[in-house]
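First the structure, in the form of structure tokens, and then the observations on it.
The values are calculated or read from the model by the stated rules, or taken from the named source; none is laboratory data. Since the structure is predicted, the reported quantities are computational estimates derived from the model, not experimental observations. Virtual Cβ from ideal backbone geometry, glycine too; neighbours counted across all protein chains shown.
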């Protein structure tokens, strides 16, 4: 046998489904409130933006909103004018699509444009060697014009000198002197010829280089003209495309811009957390109560243990007052705090009527008609 301390049942845990449902409802209400706070109507010199709420289909308490932008009369007229201009420009661009298709569908034609000159025609150029024959002859003639009188005078002078020395034609000395003179004359004319050839050759090469440079310049000019012709044709070909692009680019509609709406944040209460915290508090209180009850039960059992040696004690309910349940010894037998009707001393014990229901053998009817309990039998079983 033994007693047990503390009474009552542990707190019932919160229903997760109901808690989640309640938290969802709170979150939804918070979201609706936050959305309403953030729907701030705006009024500017150009116009206004307002919000109109509506009930979201399929719901009973969720509201959406329609934002309406309205311009003041003058900006509205300008806006409509921009729309008309943009529409007309876009229609004009659309009408030019036929020209674009025709242009794109026609291959780029280079007919009539002179071919590119990649090589120079040198067939009419003079050669590097012997090409300055006329210049060579002119130079040689100029030099011989100076040599001829010199050698004529020299021949006459040599003849006179030899005659003065008594050396006449037909003698060995005469032939020797005129042989030297003739070789000197030949060498002079040969040198004149070589100088004329060198100068004539240089002139011919210079003339050829000049002809080459002139031909190259003409070819470069021709190629530049050809490139210019191609660019002009490409420009004319792209005119329809550029016209359409320009028209499409100018057909833009400008809409007045409003500043960002200040956002207000509203945090939803943590209902699920509060429920959990409350339940944990109840559990803690219950555990504390159980611990306190166990402590009281232990104390009660200690006092009952002391009563167990008292054998038989008057326990009739009719002899007691200020009765208070303070524990339970076993099922059906509670432990009471009480005073006897003849004094105010607080005591602890059983009620005979309860013991009689569980252990009738432990109840004795005294000669005065009141019941007493054999505490030793109830507590110790003997």
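General observations
- A count restricted to region 192-234 and to residues that are at pLDDT below 85, exposed (fewer than 12 other Cβ atoms within 10 Å of the Cβ) and more than 25 Å from residue 118 (Cβ to Cβ) stands at 1.
- Extreme residue, farthest from residue 373 (Cα to Cα), among residues of region 317-354 that are in contact (Cβ under 8 Å) with a residue 40 or more places away in the chain and touching a strand residue (DSSP E or B) at 6+ places or on another chain (Cβ under 8 Å): 327
- Flag for residue 169 being more than 30 Å from residue 235 (Cβ to Cβ) and assigned to a helix (DSSP H, G or I): no
- From 254, 278, residue being over 25 Å from residue 117 (Cα atoms), surrounded by fewer than 13 Cβ atoms within 10 Å (Cβ to Cβ) and at pLDDT 65 or above: 278
- Subset of region 355-367 [assigned to a loop (DSSP other than H, G, I, E, B) and touching a strand residue (DSSP E or B) at 6+ places or on another chain (Cβ under 9 Å)]: 359, 366
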